[in-house]
Amino acid sequence: MHVPDGFIDAPVSVATGAVAAAAVAVSLRGARRELDEQAAPLAGLVAAFIFAVQMLNFPVAAGTSGHLLGGALAAILVGPYTGVLCVSVVLLMQGVLFADGGLTALGVNITDMAVVTTVVAYGVFRAILKLAPNRRRTVTVASFAAALVSVPAAAMAFTGLYALGGTADVAIGKVLTAMVGVHVLIGIGEAAITALTVGAVMAVRPDLVHGARDVAARRLELRTGAPVRTPAPASPDGSAASGGSAAPGGSA
């Protein structure tokens, strides 16, 4: 899905560049709330994993290619803001080091593959968790559905950008059929990988799954039962203070 230089005209490229810059700026602020001592190393691992899987490209049409995106996995594991940053950094490095996606089309690629995938995936993931029972199995199912929806959504977003500023002599109907058709299949593979990865992390360290921390907290509360009450502090005469207030004027 990496868009090469010149595939989208200058006005649309500039507009998407502005959208991408704004999204990255907002994500930098939002990531401060998502990243902690546990999540920061995980974000690096997620970015490395996305970098690896995005190097596996499948030709689609007119110079474009399809591949696993990783936005859903990033959003669920480290949060949507950090997920946008992870995918954006990967796209920048791929464009600079491997010419995988044009530098003038970097705004198009970030908007499509970083912003659309993470926002759509995280929205679907959280919606399912709110509607379905809060169980680990639900988290796995929600991860599968989020990844499955996010990949064709990115393909449709690209088709919309191509309709606005595409320069290739390919009919919009052919682009839509090729992009969505191929990415539905890719989405199934990405959904399986995302669900397996999130499920494995949930089984070992559920606290590391940003999108399901509330589920992990509820499960921990159910396991521990009622909260433990701290003993009342002792009074100056050495006896334990009672929970109620003493009545004034009591007889000795």
In nm, to one decimal, how far is the modelled label at PHE98 from the one at ARG29, with both set 7 Å along Cα→Cβ?
3.3
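Could you calculate the FRET efficiency of ALA203 with GLN38 from 1/(1 + (r/R0)^6), where r is the beta carbon distance between them and R0 is 22 Å, rounded to 0.05?
Working: r = 17 Å, r/R0 = 0.76.
Computed FRET efficiency for ALA203 and GLN38 comes out at 0.85.
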Accessible-area value, VAL184, 1.4 Å probe, nucleic acids and ligands omitted, Å²:
60
Roughly how many whole Å is it from the C-alpha centroid of the range 1-56 to that of the range 168-195?
20
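How much net charge surrounds GLY211 when only the other residues with a Cβ under 13 Å from the Cβ of GLY211 are counted, with Lys and Arg +1 and Asp and Glu -1?
Values: positive: ARG126, LYS130, ARG136, ARG213; negative: GLU34, ASP207, ASP214.
Counting the neighbours of GLY211, the net charge comes to +1.
Whenever you get a sec, line up MET1, MET156, MET55 from highest to lowest accessible area (probe 1.4 Å, protein heavy atoms). Before the final figure, lay out the partial values.
Working: MET1 0, MET156 115, MET55 70 Å².
Solvent-accessible surface, decreasing: MET156, MET55, MET1.
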Listed residues PHE7, PHE49 arranged by accessible area, highest first, probe 1.4 Å
PHE49, PHE7
With +1 on each Lys and Arg Cβ and -1 on each Asp and Glu Cβ, how big is the dipole of the range 10-214 about its Cα centre, in debye rounded to the nearest 20?
540
Report THR167's accessible area, 1.4 Å probe, all protein chains in place, as a number in Å² to the nearest 10.
80
Rank these by accessible area, largest first, 1.4 Å probe: LEU42, LEU97.
LEU97, LEU42
Under 5 Å between amide hydrogens, which residues at least 5 positions from GLY166 or on another chain qualify, with H placed 1.01 Å from N in the peptide plane?
ASP9
Amide H proximity to HIS2 below 5 Å, modelled H, separation 5+ or other chain, gives SER65
Label 7 Å along Cα→Cβ of ARG213; the range 9-48 residues with amide nitrogen under 20 Å?
26-47
Just to be sure I understand the model, the point goes 7 Å from the Cα along the line to the Cβ. What's the resulting ALA52 to THR167 distance in nm?
3.6
So for the pair LYS130, ALA192, with labels modelled 7 Å out along Cα→Cβ, what separation do we get in nm?
3.2
Furthest towards positive pole of dipole, VAL14, LEU164, SER27, structure part the range 10-214, Cβ charges
SER27
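The values are calculated or read from the model by the stated rules, or taken from the named source; none is laboratory data. Note that the structure is predicted; figures quoted are calculated from it, not measured. With ideal geometry, Cβ positions are generated from the backbone for all residues, glycine too; neighbour counts draw on all protein chains shown. These accessible areas exclude ligands, DNA and RNA; they are computed on the full protein's heavy atoms, side chains included. Shrake-Rupley method; radii C 1.70, N 1.55, O 1.52, S 1.80 Å.
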